[in-house]
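S.K.: Can you keep this structure in mind? I'll have questions shortly.
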Amino acid sequence: MRTLTKGELARKAIHYTASLIPLIYYFFVERRTALIILGIISVIMLVAEVSRMLVPPLFSFYLKIFGWMIREHETKNSLTGATFVFIGSFLTIFFFPKDIATTVLLFLTIGDPTACLFGMSFGKIKIFNKTLEGTLAFVISSLIATIWVPGIPLHAKLIGVITAAAVELLPKNFDDNIAIPIISGIVISLLGL
C-alpha cells in the first residue's frame, strides 16, 4: 500500500468536484450551452498551461501555488489532469447523447478517483501499477453513481464501466481523463443506444 499524500487527496477532491460538470449538464444546461462553456474553459486552461510552460516566471508562480499537489509529469512539458478533464468533458458532450455523456463522465469523476483512493488504501493484488481492489471500487462506485441515469440499461452501463475501468487500469502514455469517457461512450453507443 502506498501512502496517500495531502497532494493526492487534494487531486481526488478536485476530481470528485468535477462531477458537477455532468450533473449541471444533465439537469440545468442544454448541449450547445455546455459546449460553449466547456470550450471557453478548455481554451483558457490551454493558454494558461502553454504560458506556464514557456514563460519561466509563470512556471515559478505555478510551482509556488500548485507544486505541492502536481505529479512529476505535470511540471514542465505536460498538461495537468484538470485541463484534460475539461477537454475530455467537451469532447464527450460533443460526441455523445446526454444520457451517455452524463454516464461516462460520472465514470471518470467518481470511478477514477475512487479506484485510486481505494487501491492505494486497501489494494493488495497488483495488476500492472494498479490494484484489483481499486478496479473493483471503480466499477462499483461508477454503477452506484449512474444508477439514476435513465435511457441506458444496466447491462450497457456494466459493460461500459468495465471498459472504463480497463482503460484506467492499463499502463498507458495517454491521459485517461479523455480516454475513459470517450472509449466507454463508444462501447455504450455500439451496444445500440
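The values are calculated or read from the model by the stated rules, or taken from the named source; none is laboratory data. Quantities reported herein were computed from a predicted structural model and do not represent experimental measurements. When we count neighbours, we look across all protein chains shown, and the Cβ atoms used for this are built from the backbone with ideal geometry, even at glycine.
S.K.: Taking the stretch 135-193, which residues are assigned to a helix (DSSP H, G or I), more than 15 Å from D112 (Cβ to Cβ) and without any contact (Cβ under 8 Å) to a residue 40 or more places away in the chain?
M.R.: L154, H155, A156, L158, I159, I186, V187, L190 - these are the residues of the stretch 135-193 that are assigned to a helix (DSSP H, G or I), more than 15 Å from D112 (Cβ to Cβ) and without any contact (Cβ under 8 Å) to a residue 40 or more places away in the chain.
S.K.: Something else: Since I183 meets every condition but one in (1) among the hydrophobic types (A, V, I, L, M, F, W, C); (2) surrounded by fewer than 19 Cβ atoms within 10 Å (Cβ to Cβ); (3) under 24 Å from A82 (Cβ atoms); (4) at pLDDT below 95, which condition does it not meet?
M.R.: Result: I183 passes all but (4).
S.K.: State which residue is nearest to T5 (Cα to Cα) when the search covers only the stretch 51-70 and only residues that are of a type in the set (V, I, T) and surrounded by 12 or more Cβ atoms within 10 Å (Cβ to Cβ). Give the derivation first.
M.R.: Filtering the stretch 51-70 for residues of a type in the set (V, I, T) gives 55, 65, 70.
So of that shortlist, the ones also surrounded by 12 or more Cβ atoms within 10 Å (Cβ to Cβ) come out as 55, 70.
Details: V55: 29, I70: 11 Å.
Only one residue tops the list, namely I70.
Here is a yes/no grid of residues against (1) buried (at least 17 other Cβ atoms within 10 Å of the Cβ); (2) aliphatic (A, V, I, L, M); (3) at pLDDT 95 or above:
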| residue | (1), (2), (3) |
| --- | --- |
| I21 | yes, yes, yes |
| E30 | no, no, yes |
| I44 | no, yes, yes |
| F94 | no, no, yes |
| F107 | yes, no, yes |
| M120 | yes, yes, no |
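S.K.: For the stretch 122-134, which positions are crowded, with 21+ Cβ neighbours inside 10 Å, out of contact with any Asp or Glu (no Cβ under 7 Å at 6 or more places or on another chain) and outside any helix (DSSP H, G or I)? Quick ask: steps written out before the conclusion?
M.R.: Just the residues of the stretch 122-134 that are crowded, with 21+ Cβ neighbours inside 10 Å, to begin with: 123, 130-131, 134.
After this cut, where a residue has to be out of contact with any Asp or Glu (no Cβ under 7 Å at 6 or more places or on another chain) as well, the list is 130-131, 134.
Matches in the stretch 122-134: K130, T131.
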